[in-house]
Amino acid sequence: MEDITTMNRTYMKIGLIAVLMLSIAIPQVSAEDGAKNIILLIGDGMGFAQVTAARVYEAGPDGCLNMDTLDYSGYMSTHSQNSLVTDSAAAGTALACGKKTDNRIISQSPDGEEYETILEAARDNGKATGIVSTARITHATPAVFGAHSSSRYNWDDIAKDYLQQTKPDLLLGGGLRYWLDDTETGSHRTYENLLEQGLSEAEALADDGLIDDAVAEGYTIVYNQSELDALDMNAEERVLGLFSLSHMSYEFERDGTDEPHIAHMTEKALELLENDPDGLFLMVEGARIDHAGHANNITLNVHDTVAFDEAVRVALEFAETHPGTLVIVTADHECGGLSVEYPFESFPAEGEYIQDLDNESEYRDGIWTSGSHTAVDVPVMASGPFASLLTGRLDNTGIFDVMEEAMIPSNDTATELSAEVIPAISITVETSALDFGTVGAGLHSDALQITIVNTGTHDVNVTAEAWADQNNFYATALRLNGGTVDGFSEGIPADITDFEYAEDVAASLEVPEWAGGEYDGTVLFVAEGV
Ligand SMILES: [Zn+2]
């Protein structure tokens, strides 16, 4: 008998612990609240060195870019299915769909199976959707969110997917030449080009561009910043902005154009999309960081990274006034193999970094090691609901998973420890969390109720201990049925019909004079058979 009792007690102590999380003065956002809004900002070709160079130039070595201020950060591998070094199509597919594919392919498998994009998932969940890019809007990175194609160079297929399949509420970027009828200046839709895009001879002859198709789908079309600003975003249904024939201008070379800044496009996009009560998904691409990397031009590169960072500021300001907004900043891959050096044995003053490099061709040429993409990891920064999942070592397929989980949280909130076999000793704590609100030092809180249920077949005695208890706060302050945590001992009989005998325990705080600030903690309830 003696032996069996000892064994039982050991078993019971190991197996029968129920946990009650405690918190005070912290408004808890529960996981199931999810993200109403998701803003994903992609610096194309923006590796760690590009971020460092932009920071040194814009804010100084000790300064902070807007993207440096997000709450969580990690680093991400970018390889594609068939190459250690990815292109923007495969990298974008991983970000948009959570699946690897071969280089050049837009959001489908190498054998043609279409992958659902996060933009399509958002749309199907009733959210407003938008794509902003400083590249041609049919370029690889925007395309992976709103199109499916065997090749990133199928620009006609991609544009038609936007209009006929995905229908984002907003598209802002460059690339007007792919939409204009051949009779208009600058059009790229020549008979020969359309045949190359897979159109039949009859289709190519009959083609009159895609502008009228966009209008038929409800898009209001604007061609410059003045027209964009003239729109009443509360009255528009869909907006298509095509601000340049090909890519939009580099930030450093945009003077004299009427092209909107990337930050301005982001602002206007949010103005339109926020009208949807179900929330929004917006992708913003700083595309020309990559092009400056291919060109090994540090001036263009830094200025476009700084401009992209201004779009991050707009997103963060939106998140501040719109709780429930997940903001993610990342890159699809690095480009140029950039390093950050300085020609003098001193720190550059704010703004001097790239001017000095430009005057020292030896250094300027030496800081790039490639004219193309590289396989090095890229940064990930995130704030908002579910952002805490984006830390440490990540892969580019993981961004989609977090966005999808944030948008459509799985429903796993129940506090059940039920089993098919009714165990001898079993308790559950029905109260999974207690928030005591705000209580002054030296005062006591209102009494809250913890319901402990004996769900086993034996009578039990339950004791408690404070755990993960910062500064011993709860061990000192918490009162269970009037006594301290350590002194708690409560017999709970078994209900051998329903196996659900509930016992209420009064919980309150007597806050010591020394306490101040916020305290999270946990109480373990330990059941032993009697
Ligand atoms: Zn590139």
Assuming GLY437 fulfils every condition listed in (1) farther than 25 Å from GLU528 by Cβ; (2) open to solvent by 30 Å² or more (accessible area, probe 1.4 Å); (3) assigned to a loop (DSSP other than H, G, I, E, B) apart from one, which condition is it? (2)
Only listed residue being within 16 Å of the ligand (Cβ to nearest atom), at pLDDT 95 or above and among the acidic types (Asp, Glu), chosen from ASP68, ASP87, ASP111: ASP87
Condition first: within 30 Å of ALA59 (Cβ to Cβ), at pLDDT 95 or above and within 16 Å of the ligand (Cβ to nearest atom). Can you find one or more residues in the range 211-225 that meet it? no
So which pairs qualify, if the first residue must be in the range 486-510 and over 10 Å from ILE450 (Cα atoms), the second must be among the aromatic types (Phe, Trp, Tyr), the Cβ gap must be under 7 Å, and the two must be at least 6 apart or on different chains? ILE492/TYR501; PRO493/TYR501; ALA494/TYR501; ASP495/TYR501; LEU509/PHE436
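Count, please, the residues in the range 146-170 that happen to be among the basic types (Lys, Arg) and closer than 15 Å to GLU196 by Cα.
Qualifying residue count for the region: 1.
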Of (1) within 28 Å of ILE408 (Cβ to Cβ); (2) polar (S, T, N, Q); (3) within 20 Å of the chain's Cα centre (by Cα), THR305 fails just (1)
Which residues, taken from the range 71-84, are part of a loop (DSSP other than H, G, I, E, B) and either buried (at least 19 other Cβ atoms within 10 Å of the Cβ) or at pLDDT below 95 (or both)? THR78, SER80
Residue check for THR369: in a loop (DSSP other than H, G, I, E, B), among the β-branched types (Val, Ile, Thr) and within 16 Å of the ligand (Cβ to nearest atom): yes
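Identify, please: which residue in the range 267-317 is among the β-branched types (Val, Ile, Thr) and within 14 Å of LEU65 (Cβ to Cβ) and is, among those, farthest from the ligand (Cβ to nearest atom)?
Only one residue fits best here, namely VAL314.
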The range 8-55: number of residues that are away from the ligand (no atom under 16 Å from the Cβ), open to solvent by less than 20 Å² (accessible area, probe 1.4 Å), at pLDDT 85 or above and outside any loop (DSSP other than H, G, I, E, B): 8
Return yes or no: is ASP102 among the acidic types (Asp, Glu) and open to solvent by 10 Å² or more (accessible area, probe 1.4 Å)? yes
So ASP161 ticks every box in (1) in contact with a His (Cβ under 7 Å, 6 or more places away or on another chain); (2) open to solvent by 10 Å² or more (accessible area, probe 1.4 Å); (3) touching a residue at least 40 places away in the same chain (Cβ under 8 Å) but one. Which box is left unticked? (3)
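Return the only residue of LEU95, LEU119 being buried (at least 24 other Cβ atoms within 10 Å of the Cβ) and either out of contact with any Gly (no Cβ under 9 Å at 6 or more places or on another chain) or not assigned by TED's automatic domain parsing to the domain that holds ASP169 (or both).
Criteria check complete, one pass: LEU95.
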All but one of (1) away from the ligand (no atom under 16 Å from the Cβ); (2) assigned to a helix (DSSP H, G or I) hold for GLY92, so report the exception by its number. (1)
Those residues that are within 16 Å of the ligand (Cβ to nearest atom) and either within 15 Å of the chain's Cα centre (by Cα) or open to solvent by 10 Å² or more (accessible area, probe 1.4 Å) (or both), I need them from the range 335-346; list them, please. GLY337, LEU338
Would you be able to say whether some residue in the range 318-332 is buried (at least 19 other Cβ atoms within 10 Å of the Cβ), within 14 Å of the ligand (Cβ to nearest atom) and over 15 Å from the mean Cα position of the chain (by Cα)? no
Look at ALA202 and say whether it is modelled with pLDDT of 95 or more and open to solvent by 10 Å² or more (accessible area, probe 1.4 Å). yes
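Okay, residues lined up against (1) more than 24 Å from THR117 (Cα to Cα); (2) assigned by TED's automatic domain parsing to the domain that holds MET265; (3) assigned to a helix (DSSP H, G or I); (4) among the aliphatic types (A, V, I, L, M):
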site: GLY130; (1), (2), (3), (4): no, yes, no, no
site: VAL144; (1), (2), (3), (4): no, yes, yes, yes
site: GLN164; (1), (2), (3), (4): no, yes, yes, no
site: PRO168; (1), (2), (3), (4): no, yes, no, no
site: ASN193; (1), (2), (3), (4): yes, no, yes, no
site: ASP229; (1), (2), (3), (4): yes, yes, yes, no
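The values are calculated or read from the model by the stated rules, or taken from the named source; none is laboratory data. Remember, it's a predicted structure, so these values are computed and weren't measured experimentally. Because the Cβ atoms are built from the backbone with ideal geometry, glycine has one as well, and the counts that use them run over all protein chains shown. Heavy atoms of the whole protein, side chains included, go into the accessibility calculation; ligands, DNA and RNA do not. Shrake-Rupley method; radii C 1.70, N 1.55, O 1.52, S 1.80 Å.
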